[in-house]
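Please treat every number below as a calculation from the coordinates, not as lab data. Computed from a predicted model, the values in this text were never measured in an experiment. Backbone-built Cβ (ideal geometry, glycine too); neighbour counts: all protein chains shown.
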Amino acid sequence: MNKKLILESGEVFYGEGFGADTETSGEVVFSTGMTGYQELISDPSFCGQIVCMTYPLIGNYGINRDDYESIEPAIKGLIVKELCDMPSNFRSQLTLDELFKKKNLSGISGIDTRKLTRILRNKGVTKGKIVNADADEQSIINELKATILPKNQIEQ
């Protein structure tokens, strides 16, 4: 499933989709953690965001029921350089791809996460959308520019 990440500033990154075959949009941010991707996915502080992982291999220890920060995922999507499809941990119960399919989350792999991180670091808050590879880029850019991101998503 070929996908692309489109940023409101016009940059486009092509990659391979994983998880649910659905489009997702949100604020694109990065995380420099080498481990803890399962905790990040369920961390309410990332609510509504598409997170780019700077560590190149994500998914290598799988998903287990004991390492969640909250019951449901908080992120909107995940961007990785390389997705591990065969985790090697005795506690692993699911792959990252299986979890994303089960929770209807969209991800993209094969992205130059170093380049994307530099863009995010230099430009600051950036809206983005993970879409099918054949989506019209200019219409997505226009949509992103017109989108107002929600604030205080976890406030009660």
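Non-local amide H neighbours of residue 18 (under 5 Å, H modeled in plane, Pro and chain starts lacking H): which ones?
107, 108, 109
Within segment 70-156, report the GluC sites (Glu not before Pro) that DSSP leaves as loop and that have at most 15 other Cβ atoms within 10 Å.
Passing both the DSSP loop test and the Cβ count: 155.
For the charge dipole of segment 1-120, defined by +1 on Lys and Arg C-beta atoms and -1 on Asp and Glu C-beta atoms about the Cα centroid, which residue among 34, 106, 14 has the Cα displaced farthest towards the positive pole?
14
For the chain, what is the percent of antiparallel DSSP beta bridges, rounded to the nearest 5?
Antiparallel: roughly 60 percent of the beta bridges in the chain.
Please report the net charge: other residues with Cβ closer than 10 Å to the Cβ of residue 127, K and R +1, D and E -1.
My count for the surroundings of residue 127 gives -1.
So what's the angle, to the nearest 10 degrees on a 0 to 90 scale, between helix 113-123 and the longest Cα principal axis of the chain?
Orientation of helix 113-123: about 50 degrees from the principal axis.
With springs connecting C-alpha atoms under 10 Å apart, model the chain as a Gaussian network and identify which of 89, 104, 64 has the largest mean-square fluctuation.
Maximum among the listed residues: 89.
In whole Hz, with x marking every Gly and Pro, tabulate ³J(HN,Hα) for segment 94-99 from phi via Karplus 6.51 cos²θ - 1.76 cosθ + 1.60, θ = phi - 60°.
Couplings: 9, 7, 4, 4, 4, 4 Hz.
Give the angle, between 0 and 90 degrees and rounded to the nearest 10, that separates the Cα long axis of helix 137-146 from the longest principal axis of the Cα atoms of the chain.
Long axis of 137-146 versus the principal axis of the chain: about 90 degrees.
For residue 127, enumerate residues with amide H under 5 Å from its amide H, sequence gap 5+ or separate chain, H modeled in the peptide plane.
It is 8, 28, by chain and number.
Give a residue-ordered list of calculated ³J(HN,Hα) values for segment 36-48 (Karplus: 6.51 cos²θ - 1.76 cosθ + 1.60, θ = phi - 60°; whole Hz; x for Gly, Pro).
x, 5, 5, 5, 4, 4, 9, 7, x, 5, 9, 3, x
Evaluated at 4 °C with a viscosity of 1.567 mPa s, what Stokes-Einstein diffusion coefficient in µm²/s does segment 32-156 have when Rh comes from the Kirkwood expression over alpha-carbon pairs?
83 µm²/s
What list of ³J(HN,Hα) values in whole Hz, one per residue of segment 12-20 in order, does the Karplus curve 6.51 cos²θ - 1.76 cosθ + 1.60 (θ = phi - 60°) give from phi, with Gly and Pro shown as x?
Result, ordered by residue: 10, 10, 9, x, 10, x, 9, x, 6 Hz.
Under unit Cβ charges (Lys, Arg +1; Asp, Glu -1), what dipole magnitude, rounded to 20 debye, does segment 1-123 have relative to its Cα centre?
The calculation lands at about 300 debye.
Amide H neighbours of residue 93 under 5 Å, at least 5 residues apart or on other chains, H built in the peptide plane: list them.
63, 64
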